[in-house]
Structures are given as structure tokens and as C-alpha cells.
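*Asks:* I'd like to ask some things about the structure below.
The values are calculated or read from the model by the stated rules, or taken from the named source; none is laboratory data. Bear in mind that the values here come from a model prediction, so they are computed numbers and not experimental data. Counting neighbours? That spans all protein chains shown, and the Cβs are built from the backbone with ideal geometry, glycine included. The area values use the complete protein model at the heavy-atom level, side chains included, leaving out ligands, DNA and RNA. Shrake-Rupley method; radii C 1.70, N 1.55, O 1.52, S 1.80 Å.
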Amino acid sequence: MVPVVGVPVGEGVEAALAAAQEALYRDDRTAALAHARAALDLDAGVGEAHALLAELLADQADGTAVAHARAAVAAEPGRLEWQRLLAEALASDGQVAEARAVAAAALDRRPDDAALHRLLARLLLAVGERDGALSHAREARFLAPRDLSGLASLGHVWREAGEPLLAAEVLEPALRQAHPMDPARAAAGVALARAWIELAEPRKARDVLEAALEADPADTAGAKVLLDGIDGSGGELTPAFVRALFDQYADRFDQHLVGKLGYGVPGKLREALGRLGLVDGAGLRVLDAGCGTGLMGVEARGLAGTLAGFDLSPRMVEKARARGIYDRLWVGELVEAFRAEPGAWDLLLAADVLVYLGDLDPVMRAAAAALVPGGRFAFSVERAADGFVLQESRRYAHSEAHVRAAAEAAGLEVEMLEPLVPRLDRGKPLDGLLVVLRRRSAPSSARPDISG
């Protein structure tokens, strides 16, 4: 027998594989690679050696890991863990379609494999199949509720699928309950911190990242980069923050806002529009932006021939749908929704919605594009002395000057702007503004003006 480097003379494949595993236990990847390759020099068909090399070479982008994973599966097609290894290698190599097919076939054989569900969740999300990704993520969580490493991976899936609140709700208690020496603590902490950042909770993110660095001073999870980038002031409110806030709030929204805080903006907007000549039976095409549970829709239904609404919060949209007053409802973001249907609306309504936006210039321009000539945009804001400012309440206040300037720049005329008490705050009336803007009329070749 010709001696093989790294394997004692007189010993063969089993000795080489044992030496490779021992090297891995010592975290000596270089030695593990040498021993695994030595095993293949002795017998090129050894599946264990190919599988080990596929794992060790997973971070290389040259297809080597995929080749070794294929060889391992070819050696023993019945080994489920090697099929999963091939799917992972294909996914890392960007071969998403084949990775998905391999993983799905393996899952058919072993539907209780949490790792396969996690992999399919990532793969489906990569091709935009959000609902399928979330379904596999739920199953993976159910099958392995205490696998901190697996939950960290799911945390990234949930966040990228637009569910950072779910990531935080799962990862926060999992980290509290995890063993202090669990090697996945840092990765889970980073996943949780990313969710807190999207939820506009920088202080919570900072605490989690500092704990992750303490658990892993080598920072293999990348906590320090995130920590350095956190703005302790809280920054702008994100759509994810607003969505999570109202998803949590949906079940008690009406009772708390109307009953306890004296919220009356929808009725006041409807009364103001009546003073401008808009009466029930007008048959307008009305879009209720940030519709919430439908309080504004109830007031606007009489004006509308068509009443549509949207909200960032799916749970709010469900509540609004239950009222049975809308012709169309969907989950969406304000500026995007306005831009989606140019010149489609006679009346845009935004009751207590712009308080979650800072600079009003983008929404004014989008509103102008969405309206027919002569169409109106009616909304409320909380009043600031100058410009716009994010308050301690995590709501923006806007000055009259800022509202007027943004409207003028967008081609909207101020038809009404007057003081408003939108609700109570700590038992005291809030200072706000009720605003109705009107899109300037277009030349005679355009659609006819709608007048009150």
C-alpha cells in the first residue's frame, strides 16, 4: 500500500475519517480537510468523506461543496441528512430551483425535519413566495421550539418577510431561557436586534447586541457593526414599526381610542367636507388611507359610490373588512398605494395617519397624482411649532407652514386648514390641524372637475 499523507501506515479509510472527526472536535479545520481528502485518496467512493468535505467547504463559491454533496448522495441515496446537505450546498451556490426540489423531496420522506422546513422557508422567501415561507417557518418553530440556532435562522426569515414583531416575540423569550453557554446566543441576539431596529426600538437593539458581544467576544455573528450603526435617538419611524404597533392594537383599537381617548377625527373630517358642499349620495370614488378598523369608512360611506381602503396592518384590515362597508380593501403602504392608481380618486382620506410620517412632501406629491383634477385630500395632523418633529409619543407633529409648503409644491391648494383636537393625551387635549386640500384643475382636455 502506498502511504497517504496524514494517515498512519497500515491504517485505512476508517482511520482517516476518525482523524478528521477528531480534528473537527479540536476545531482544526485544516487538519480535518487533510484527513477527509486522505480518505478519498484511499477510496473515492466514501460517502462520509464527501459529506464532510461538503460541510467544510460550504463557504467557498466555486461549486466544490455542491460536487462533494452530490457524490455523498450518489454513494448512499437513502441518507436523508446528505440530501439536506446537498440542498443547503445548492442554496449557498445560488441554485435555488434545484435546492428547493431536493429539499422538498427530502421533506416528503421526513416531514418532521425542522431543518428542512427552515431551508424551504429561506428558499421560498428568496423567490418571493412569502406565504409558503411563513408556513414552513411556523412548522419549523413547532418542531424545534428550543433550538436557538434554528430560531435565529427563522428570525431572519420572519424579518425579511415583513414580520419583525413575530421575530422579536419568539427570540426574546428564547434568549432569556437559553443556557448561558449556548453557542447560538450571539447569532440569536443579532437576529433579535435586527428585528428591534426595524421596529424602531434602538435601545432594545443596543442591549441585545451588547449581550451578544459579551457572549461571543470574537463577534462571529457581526454584532459590532450593527451596534456602531444604531442611532440612539430612534431615527425615523419605519413601516414595520407602524404595522407591528397596529397589529398589536387591533383588537382593542376602537374601545381604547374612541372610548378612552375621545378620538373623533373621522366625524370632524366628514363635517368639514359637508361644509365644503360634499353631501351623501355624491357617488364619489373614495380612498380611505390607513383605514384602521374602518372608523373613517363609516363616516365616508354615504359620500362614496366606491369606497376603498388600505392599511399597513393586516389585522386592522381584517377588522375593517368585518364591517362590510368597503368595496375594496388591501394591505399596503400609503405613498405606494397613492401612486398605484394615478387619477383614480375623487377623495382621499387620512384620519390620524400622517402622524406616522415625517416629511410630508412625498405623500403630497403622491396624493396629487392619485386625485382627479378638483379632487380633495382631507386629513389630520398634530401641530408642531416649526417643520416636523418626532415626539416622545413616537408620532410626528407638523407645522402649518410645512403642510402649506408641501401642498403648494405638489400642486394642491389649501381649501381648509383649521385647529383640531384629535384626541386626548394624558387627559389633556392634543393640538392638531384639520386640513382639506384640492388638486388644481387641469386644462379642459382633462377629466372634468368634481366640485362640491
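*Asks:* Express the accessible area of region 19-170 per residue in Å², computed with a 1.4 Å probe while the remaining protein chains stay in the model.
*Replies:* On the way: 7140 Å² over 152 residues.
Here the residues of region 19-170 average 47 Å² of exposed surface.
*Asks:* Can you pull the three principal axis extents for the Cα set of the chain, in Å, largest first?
*Replies:* Result for the chain: principal-axis Cα extents of 100, 46, 37 Å.
*Asks:* Okay, next question. Please give, to one decimal in nm, the separation of the simple spin-label points placed at Leu261 and Ala218, each 7 Å out from Cα toward the Cβ.
*Replies:* That separation, rounded to one decimal, is 4.8 nm.
*Asks:* Using every alpha carbon pair in region 138-201, what percent of pairs falls into each 10 Å bin from 0 up to the bin containing the largest distance?
*Replies:* Reading upward from the zero bin: 25, 59, 16, 0.
*Asks:* Lys/Arg Cβ at +1, Asp/Glu Cβ at -1, dipole of region 30-130 taken about the Cα centre: which of Leu56, Gln83, Ala72 is farthest positive-ward?
*Replies:* Among Leu56, Gln83, Ala72, the one farthest towards the positive end of the dipole of region 30-130 is Gln83.
*Asks:* By DSSP, what percent of the beta bridges with both residues in the chain are antiparallel, rounded to the nearest 5? Before the final figure, lay out each step's value.
*Replies:* Values: 20 of 40 bridges.
Once the DSSP bridges in the chain are tallied, antiparallel ones form about 50 percent.
*Asks:* Mind checking the dipole of the chain: about its Cα centre, +1 per Lys or Arg Cβ, -1 per Asp or Glu Cβ, Debye to the nearest 20?
*Replies:* Working: 50 positive and 66 negative charges, 378 e Å.
Around 1820 debye, computed over the chain.
*Asks:* Among DSSP beta bridges lying fully in region 283-407, give the percent that are antiparallel, nearest 5. Spell out each step's value before the answer.
*Replies:* Details: 3 of 23 bridges.
Rounded to the nearest five, the antiparallel share is 15 percent.
*Asks:* Now, a different point. Can you give me the distance in nm between label points at Ala74 and Ser92, each placed 7 Å from the Cα along the Cα-to-Cβ direction?
*Replies:* Reported label-point gap for Ala74 and Ser92 is 2.0 nm.
*Asks:* How would you rank 18-31, 179-192, highest first, on the average number of other Cβ atoms within 10 Å across their residues?
*Replies:* On the way: 18-31: 14.4, 179-192: 20.6.
Ranking the peptides 18-31, 179-192 by packing returns 179-192, 18-31.
*Asks:* Another question, if that's okay. Extension gain Glu172-Arg203, at 0.36 nm per residue separation less the Cα-Cα distance, in nm?
*Replies:* Values: separation 31, 0.36 × 31 = 11.16 nm, distance 1.42 nm.
Additional length available on full extension: 9.7 nm.
*Asks:* Relative to the first principal axis of the alpha-carbon coordinates of the chain, what is the inclination of helix 114-126, with its axis defined by its Cα atoms, in degrees from 0 to 90 and to the nearest 10?
*Replies:* 50
*Asks:* Now, a different point. Which GluC sites (Glu not before Pro) in region 362-439 sit in a loop by DSSP (not H, G, I, E or B) and have at most 16 other Cβ atoms within 10 Å of their own Cβ? Each step should come with its number before you reach the end.
*Replies:* Details: sites: Glu382, Glu392, Glu400, Glu408, Glu413, Glu415; in loops: Glu392.
Answer in residue order: Glu392.
*Asks:* Need the full-extension length gain, Asp112 to Tyr25, defined as separation in residues times 0.36 nm minus the C-alpha distance. One decimal, nm. Could you put the intermediate results ahead of the total?
*Replies:* Numbers: separation 87, 0.36 × 87 = 31.32 nm, distance 2.82 nm.
Taking 0.36 nm per residue and subtracting the Cα distance, the gain is 28.5 nm.
*Asks:* At 0.36 nm per residue, minus the direct Cα-Cα distance, what do Asp131 and Glu408 gain on full extension? Give it in nm, one decimal, please. The partial results should precede the final answer.
*Replies:* Details: separation 277, 0.36 × 277 = 99.72 nm, distance 4.16 nm.
My answer for the length gained is 95.6 nm.
*Asks:* Taking the convex hull of the Cα atoms, report for region 323-427 its projected area averaged over all directions, in nm².
*Replies:* Details: hull surface 31.2 nm².
Result: a mean projected hull area of 7.8 nm².
*Asks:* Give, rounded to the nearest 20 debye, the magnitude of the charge dipole that region 14-103 has about its Cα centre when Lys and Arg contribute +1 at Cβ and Asp and Glu contribute -1 at Cβ. Display every interim value, and only then the final one.
*Replies:* On the way: 7 positive and 15 negative charges, 40 e Å.
The calculation lands at about 200 debye.
*Asks:* If you don't mind, there's one more thing I want to ask. Share of the chain's accessible area from carbon and sulfur, percent, 1.4 Å? Please list the in-between numbers first.
*Replies:* Numbers: 10930 of 21240 Å².
Percent of accessible area from carbon and sulfur atoms in the chain: 51.
*Asks:* Tell me, what is the per residue accessible area of region 338-439 in Å², probe radius 1.4 Å? Don't jump to the answer; show the numbers that get you there.
*Replies:* Values: 3840 Å² over 102 residues.
Spelled out: the 1.4 Å probe surface of region 338-439, per residue, equals 38 Å².
*Asks:* Strictly greater than 24 Å: what percent of every Cα pair in region 71-167 meets that?
*Replies:* Numbers: 776 of 4656 pairs.
Counting pairs separated by more than 24 Å, the tail of P(r) holds 17 percent.
*Asks:* What distance in nm lies between label points placed 7 Å from Cα along the C-beta direction at Asp431 and Ala67?
*Replies:* 7.2
*Asks:* Please work out whether region 37-114 counts as rounded, prolate or oblate from its C-alpha gyration tensor, where a ≥ b ≥ c are the square roots of the eigenvalues and a/c under 1.5 means rounded, while otherwise a/b larger than b/c means prolate and anything else oblate?
*Replies:* oblate
*Asks:* Give me D for region 263-344 in µm² s⁻¹, whole number, from Stokes-Einstein with Rh from the Kirkwood sum over alpha-carbon pairs, 4 °C and 1.567 mPa s. Could the numbers behind the result be given before it?
*Replies:* Numbers: Rh = 12.9 Å.
Estimated diffusion coefficient is 101 µm²/s.
*Asks:* A further question follows. Got a sec? Charge dipole of the chain, +1 on Cβ for Lys and Arg, -1 for Asp and Glu; which of Ala36, Gly427, Ala178 is way out at the positive end?
*Replies:* Gly427
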